[in-house]
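Throughout, read-outs are computed from the coordinates displayed, never taken from laboratory work. From a predicted model like this one, the values you see are computed outputs, not experimental measurements. Here Cβ is always computed from backbone atoms with ideal geometry, including for glycine, and neighbour counts include all displayed protein chains.
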Protein chains: 2
Amino acid sequence: MSAAFALQPWSDAHLQRIEHCLSDWVTAEAPAGLGQAMRYAVLDGGKRLRPLLVLAACEAVQGEAQLALRPACAVELIHAYSLVHDDMPCMDNDVLRRGKPTVHVQFGQAQALLAGDALQALAFELLCPQDEAVAPQVQAHWCRLLARAAGYQGMAGGQAIDLISVGRSLSEPELRTMHQMKTGALLQASVEMGAACAPALDPRGLAGLRDYGRALGLAFQVVDDILDVTADAAQLGKTAGKDAAQHKPTYVSLLGLQPARDLAQALLAQAQQALTASGLVPVQALHALARMVVNRDY
Amino acid sequence: MSAAFALQPWSDAHLQRIEHCLSDWVTAEAPAGLGQAMRYAVLDGGKRLRPLLVLAACEAVQGEAQLALRPACAVELIHAYSLVHDDMPCMDNDVLRRGKPTVHVQFGQAQALLAGDALQALAFELLCPQDEAVAPQVQAHWCRLLARAAGYQGMAGGQAIDLISVGRSLSEPELRTMHQMKTGALLQASVEMGAACAPALDPRGLAGLRDYGRALGLAFQVVDDILDVTADAAQLGKTAGKDAAQHKPTYVSLLGLQPARDLAQALLAQAQQALTASGLVPVQALHALARMVVNRDY
């Protein structure tokens, strides 16, 4: 069933809508160059994995696609802001991102800091429109999921662990916790925000999607670690080999290259089993996105 | 009527509840030192003007005080995060805040950046509890108000204007716009989030509170500009004279000291008239807070 599903046309159609909404919502009207910096950070780049997960999860629960565009863009804004701040000199000090100069290189550090801050606020603004088409309980639920995934229990907390882990060795459970917070939480929230677009979802369906999101989130990071040593900067659109250079613990440094690859495949199988266990039917796009995450080469 | 109201016992009682909630909600459990940095940024300092405005506005509309503690703390977290980022070397490069070393001096720049980011996320998390005591439409409305006030149309936008205004002269309308965004928006949102704690509010009451918030927000900044030249660092708990040293346009540099003082008094009168026009009765605390803002010496 899922083998017959072609991801490319599905994602092309959805990407067009995502890019359109992002360009509309991340307005150039923000004053004093802030809008330009925000748009530069968000537009014309990125695989849009998180928005695609939101839309695919919405499809899986047969929710309203139009509704899902708000959380799809909101989660991408959180991701984009985290990259802007993460690239700054006091963090990773990176000058290249998605093949372009990073935001602070292009606009200065102060503007980069503000652009990141404003993108985070805008993410929550998108989730709470003064629009009766989006039920208040859905708005509040979206905000709850996104705030937890972005904050100290999620992305920001994982980055703090990342900061202090440079040059240290971590155990596999410690590395897993860091990645589940730093990257996994937002990927999982993407799936859950998409699922929240259905008026009601049975516990089995929701549990399956959560398990899928958790396995996918970890798989994503394992593959990232693999690509950091096997791909070059041109493929990645960012500096390669940087984890090793910074003596950051990774799945490759911890397990070795082939066992890391095996782990990624095992996590893919886990994600697929979770979808089957969910009992949901229109899950082809979620299946295909999981395969794409694990088998990508950039 | 309002002359008989004693602000001190009112604010003492409310401050105790605010501090208690902040200490509960800004948890030390955030990993890898992040929790310590977040708590350092928020606790044991600050006048808590924004939380007091939320609680006073909630009283004015006879809303439920218990409910107002969430937006009261959320708006303070946004304020606190903005100070952390604003103090960083790439922005104002300030080493002293509330009489203590700034967060990046104490914990390093990377941790300060993350602590600010996590505080913003936590603010929205506080507004969306999984708690039936807070109606979803109230949660969504709070988030909408706070996100707009914190983002590119509000605080972050005002800071971007501030960045490019260093060493330039601004006209009075330009200076007013900058301040209304940078400081006024969050003060106004405080009043509106407090007002949102009542199940329903007539348009006249809401319009009055909005006008009050707008006048108060601007008055706050005019007085800040005055204190920057008249007070010393020990009184302010932060570096004094820094606007002049950085050639930032201020109300004092634009109008002169005495006209700036006259403007502050005129804005106080405006705020008080707006309260009268609101038709709301229990507005003594809002009156007293406006007097405190304008007549403070630190």
Tell me, what HN-Hα J-couplings in whole Hz come from the Karplus equation 6.51 cos²θ - 1.76 cosθ + 1.60 at θ = phi - 60° for each residue of segment B:292-297, using x for Gly and Pro?
-> 4, 4, 7, 9, 5, 10
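Can you check what the net charge comes to around A:SER11, using other residues whose Cβ is under 15 Å from the Cβ of A:SER11 (Lys, Arg +1; Asp, Glu -1)? Walk me through the numbers on the way to the answer.
Details: positive: A:ARG17, A:LYS47, A:ARG48, A:ARG50, A:ARG291, A:ARG296; negative: A:ASP12, A:GLU19, A:GLU59, A:GLU76.
The answer is +2.
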Sort out the exposed loop GluC sites (Glu not before Pro) in chain B (DSSP loop, at most 15 other Cβ within 10 Å) and tell me the longest stretch that has none.
-> B:133-298
Amide H contacts under 5 Å for A:ARG97, restricted to residues at least 5 apart in sequence or on another chain and with H modeled in the peptide plane, are A:THR102
Any idea what the dipole of segment B:121-218 comes to, in debye rounded to 20, about its Cα centre with Lys/Arg Cβ at +1 and Asp/Glu Cβ at -1?
-> 300
Given pairs A:LYS248/B:LYS182; A:LYS47/B:LYS248; A:LYS182/B:LYS47; A:LYS47/A:LYS248 and cut-off 32 Å on Cα-Cα distance, the over-length ones are A:LYS248/B:LYS182; A:LYS47/B:LYS248; A:LYS182/B:LYS47
Which distances, in nm and shortest first, link the A:ALA28 label point to the same label point in every other copy, taking 7 Å along Cα→Cβ?
-> 5.1
Given Cα pairs under 8 Å that are at least 6 residues apart, what percent is the relative contact order of chain B?
-> 22
To the nearest 20 debye, chain B has a Cα-centred charge dipole, built from +1 on Lys and Arg Cβ and -1 on Asp and Glu Cβ, of 360
Nm distances between copies for B:ALA133, ranked from closest, using label points 7 Å along Cα→Cβ = 3.6
What residue among A:GLN272, A:ILE161, A:GLN8 has its Cα farthest toward the positive end of the dipole of chain A, where the charges are +1 on Lys, Arg and -1 on Asp, Glu, each on the Cβ?
-> A:GLN272
Name all residues of segment A:196-214 having a backbone nitrogen under 17 Å from the label point set 7 Å from the Cα of A:ALA277 along its Cα→Cβ direction, giving them as ranges.
-> A:202-214
Output for segment B:143-189: trypsin sites (Lys or Arg not before Pro) sitting in coil per DSSP, at most 15 other Cβ within 10 Å, listed by number, reads B:ARG168
For segment B:1-75 versus segment B:87-107, the gap between their alpha-carbon centres in whole angstrom | 23
Quick one: what are the phi-derived ³J(HN,Hα) couplings along segment B:118-131, Karplus 6.51/-1.76/1.60 with θ = phi - 60°, whole Hz, x for glycine and proline?
-> 5, 5, 5, 4, 4, 4, 6, 4, 4, 6, 10, x, 7, 8
Helix-only [θ]222 nm of chain B, DSSP H runs n ≥ 4, -39500 (n - 2.57) each, per residue, nearest 500 | -22000 deg cm²/dmol
Using only the alpha carbons of chain A, determine the length spanned along each of the three principal axes and report them from longest to shortest in whole angstroms.
-> 50, 47, 34
Karplus-derived 3J(HN,Hα) from phi for segment A:76-85 (6.51 cos²θ - 1.76 cosθ + 1.60, θ = phi - 60°), whole Hz, x at Gly and Pro, runs 5, 5, 5, 4, 5, 5, 5, 5, 4, 5
If the label for A:HIS247 sits 7 angstrom from Cα along the Cα-to-Cβ line, what are its distances to the same label in every other copy, in nm to one decimal, shortest first?
-> 4.5
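Contour minus end-to-end for A:GLN36 and A:GLN246, with contour as 0.36 nm per residue of separation and end-to-end as the Cα-Cα distance? Intermediate values should be presented prior to the final figure.
On the way: separation 210, 0.36 × 210 = 75.60 nm, distance 3.15 nm.
Extra length available between A:GLN36 and A:GLN246 comes to 72.4 nm.
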